[in-house]
Amino acid sequence: MRDGPVLETERLLLRLPEERDLDGFIGLMSDEVAARHIGGVMDAPLVWRQLCTILGHWSVRGYGFFSVEDKASGDWIGRVGPWAPHGWPQPEVGWSITRAHWGKGYGPEAAAATMDFAFEALGWESVVHMIAAENVNSQALARKLGSVDLGWDAELPGLGVTVDVWGQSKADWAHNRERLKR
C-alpha cells in the first residue's frame with residue numbers, strides 16, 4: 001500500500017508510512033521520554049508490529065497516522081494524523097515527534113495540516129486529542145491549535161490508560177486555523 005494522500009506544509013511532507021521509516025519509529029519508541037505517553041519504550045519487533053498496525057489502519061479505515069518528513073533534510077521526524085482504534089470514544093488527531101525535533105514547531109505544523117485533512121477530506125465535524133493528564137507538552141500543542149480540555153476523560157481500550165479528552169469543532173477550527181496563520 002503505497003498510494004495515499006500526501007500533505008505538504010512549508011517545511012514538512014506528510015505521507016503514508018513505509019518500511020524505510022522503521023528506524024525512525026524505532027528511535028521514537030526507544031526514547032523513554034518521547035515514548036512515555038504513547039505506549040512506552042518498545043523493542044524493535046514490537047515497533048515493527050506498531051508500524052504494520054498503522055498501515056493496517058490506513059487499509060481498514062482509509063486514513064491514519066502519516067509519517068512526517070522534514071523536506072529540507074529528508075529526516076523522519078514523527079507520526080501525526082487521524083487515528084481511530086477500535087473501541088475509542090471518537091476518532092482523534094494525534095501526534096508524536098522525535099525528541100531531537102521538539103521545540104522547532106513541527107508538531108503544530110503537522111497537526112494543523114492533519115486537522116485540515118480530517119475536516120476537509122474526511123468530513124469530520126469535530127476533532128479530539130487523547131492526552132495524558134501529565135503530558136504538558138501535548139497539552140501546550142493542543143492549546144496552540146485552539147483545542148480545549150473538554151472536561152471528560154476516556155479509558156483507552158487495550159492500553160489500560162485513562163486520558164483527558166481535548167478537542168474542538170469544525171467551526172472552531174475555521175477560526176483557530178486563521179489565528180495560526182498570523
Next item on the list: Only helices (runs of 4 or more DSSP H) wholly contained in segment 8-111 count here; list those with 2 or more residues that are aromatic (Phe, Trp, Tyr).
Entry: 44-61
Next item on the list: Determine which single condition Val165 fails, assuming it passes every other condition in (1) over 22 Å from Pro17 (Cα atoms); (2) β-branched (Val, Ile, Thr); (3) at pLDDT below 90.
Entry: (3)
Checklist line | Pick from segment 28-79, criterion among the basic types (Lys, Arg) and within 15 Å of Ile97 (Cβ to Cβ), ranking: farthest from the chain's Cα centre (by Cα) | finding: Arg36
Margin query: Is it the case, given these coordinates, that Trp76 is open to solvent by 10 Å² or more (accessible area, probe 1.4 Å), farther than 28 Å from Leu150 by Cα and in contact with a helix residue (DSSP H, G or I) (Cβ under 8 Å, 6 or more places away or on another chain)?
Written below: yes
Next item on the list: Collect the residues in segment 125-166 that are under 16 Å from the mean Cα position of the chain (by Cα) and charged (D, E, K, R), keeping them in residue-number order.
Entry: Arg143, Lys144, Asp164
Next item on the list: Kindly indicate whether Arg179 is open to solvent by 60 Å² or more (accessible area, probe 1.4 Å) and either modelled with pLDDT of 90 or more or not in a helix (DSSP H, G or I) (or both).
Entry: no
Next item on the list: Please find, within segment 93-120, the residue that is farthest from Lys144 (Cα to Cα) out of those that are among the charged types (D, E, K, R) and touching a residue at least 60 places away in the same chain (Cβ under 8 Å).
Entry: Arg99
Margin query: Just to check your reading of the model, which residue among Val47, Val68, Val60, Val33 is open to solvent by 30 Å² or more (accessible area, probe 1.4 Å) and either touching an Asp or Glu at 6+ places or on another chain (Cβ under 6 Å) or farther than 23 Å from Thr162 by Cβ (or both)?
Written below: Val60
Note to self: Quick check on my filter: what residues within segment 105-147 are more than 18 Å from Trp88 (Cα to Cα), open to solvent by less than 60 Å² (accessible area, probe 1.4 Å) and small (Gly, Ala, Ser)?
What the structure shows: Gly105, Gly107, Ala110, Ala111, Ala112, Ala113, Gly123, Ser138, Ala140, Ala142, Gly146, Ser147
Notebook entry, point to check: Quick check, is Gln139 among the polar types (S, T, N, Q) and either in a loop (DSSP other than H, G, I, E, B) or modelled with pLDDT of 95 or more (or both)?
Noted result: no
Margin query: I need the full set of residues from segment 148-167 which are among the small types (Gly, Ala, Ser) and either open to solvent by 10 Å² or more (accessible area, probe 1.4 Å) or closer than 11 Å to Ala132 by Cα (or both), in order please.
Written below: Gly151, Ala154, Gly158, Gly160
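The values are calculated or read from the model by the stated rules, or taken from the named source; none is laboratory data. Just so we're clear, the structure is a prediction, and the values are computed from it rather than from any experiment. Note that we place each Cβ from the backbone using ideal geometry, even for glycine, and neighbour counts take in every protein chain shown. These accessible areas exclude ligands, DNA and RNA; they are computed on the full protein's heavy atoms, side chains included. Shrake-Rupley method; radii C 1.70, N 1.55, O 1.52, S 1.80 Å.
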